[in-house]
Amino acid sequence: MRLPPASTNPRARRGGTVPPDAARSERAEEGDRAVALLARSMEPQHVRLLEEGARAIGLRLDREQVSLLSRHVDLLLRWNKSINLTSITDPAEVVEKHVIDSLALAPLVTAGTLLDAGTGAGFPGLPLRIARPDLEVVLVDSVQKKVAFLKSVLAELRLSGARAVAVRLRGDPAGEHLPRVNAAVSRAVAEPGAWLALAEEYVLPGGLAFCMLGPSDPVPDKHGDLVLRRELGYRLPFSRAQRRLAIFQRKA
């Protein structure tokens, strides 16, 4: 299933008129930064896979966004030699099974604050923040080393609108110094019921909880105040691996 296209250009949300000279200077600065990031990033063939995969799911990424995503992958594979961040070590597989799979949510997440629970190496929250500048992403993991990696990535990418927090989620946002959010997602909690029970404590009324599912995971019609609004299936663009996604909304 091809997901609906979404505008992901970070300049699209800026209002007002930018003087021509300032606009040219801004574009030149962003272009230079993108080139510098790509120079320290993945091999060109893997960058092309990222671009092709994003297009296959209906996303239009600019050069800076591609550069940021590529650098994230490169840093992940470098750090993974020292600490266990992912069992997938082939760059092409990381692009498809981590980055592209994460980006599948980009057209579906509402603007505002997103909680990524058990984010690990930053998936799906970090690619979503790069693709969607209108998101404020809170990356949460209980493992300090993974959070240290994420903080290093955020500093390297100079990415605002995202922060990494080391905490074990227990359904107490105030006690954990976390915000209640417009949307929540997790790839780490395998059982949908367990994830929905946890997500309900963090999602604001009217907000969304996303379940990233396997091919045969059962999906309840509701859980507490979370009601199933949509279920969809899609395939990853290169391996054709099947994925499912369920979107729940909390009652207002």
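A few remarks follow.
- Note: segment 20-250, Cα convex hull, 126 Å³ per residue.
- Karplus (6.51, -1.76, 1.60) ³J(HN,Hα), θ = phi - 60°, over segment 88-94, in Hz, Gly and Pro reported as x: 8, 10, 6, x, 5, 6, 4
- Placed amide H near residue 162: partners under 5 Å, 5+ positions off or other chain: 137
- Long pairs among 146/222; 97/146; 97/145; 97/151, criterion Cα-Cα beyond 25 Å: 146/222
- Computed magnitude of the charge dipole of segment 20-250 (debye, nearest 20; Cβ of K, R +1, Cβ of D, E -1): 200
- Distance between the 7 Å Cα→Cβ label points at residue 235 and residue 82: 4.1 nm.
- Extreme residue, positive dipole direction of segment 20-250, given options 111, 194, 80 (C-beta unit charges): 80
- Theoretical FRET efficiency, 1/(1+(r/R0)^6), r = Cβ-Cβ of residue 172 and residue 145, R0 30 Å, to 0.05: 0.80
- Using a cutoff of 8 angstrom between alpha carbon atoms and counting only pairs six or more residues apart, the relative contact order for segment 20-250 works out to 14 percent.
- Order of 238, 248, 210 under a 10 Å beta carbon neighbour criterion, fewest first: 238, 210, 248
- Arranged from fewest to most other beta-carbon atoms within 10 Å of their beta carbon, 89, 110 become 89, 110.
- ³J(HN,Hα), Karplus 6.51/-1.76/1.60, whole Hz, each residue of segment 217-230, x for Gly, Pro: 5, x, 10, x, 6, 7, 8, x, 8, 8, 10, 5, 10, 7
- When peptides 226-234, 136-144, 181-189 are sorted by average Cβ neighbour count within 10 Å, with the highest value leading, the order is 181-189, 136-144, 226-234.
- Binned Cα-Cα distances of segment 105-161, short to long, each 5 Å bin given as a whole percent: 4, 22, 32, 25, 12, 5, 0
- Shown for 79, 195: other C-beta atoms within 10 Å of each C-beta, ranked fewest to most, produce the order 79, 195.
Readers should treat all values here as calculations from the given coordinates under stated rules, not as data from a laboratory. Worth saying up front: this structure is predicted, and the values here are computed from it rather than measured. Backbone-built Cβ (ideal geometry, glycine too); neighbour counts: all protein chains shown.
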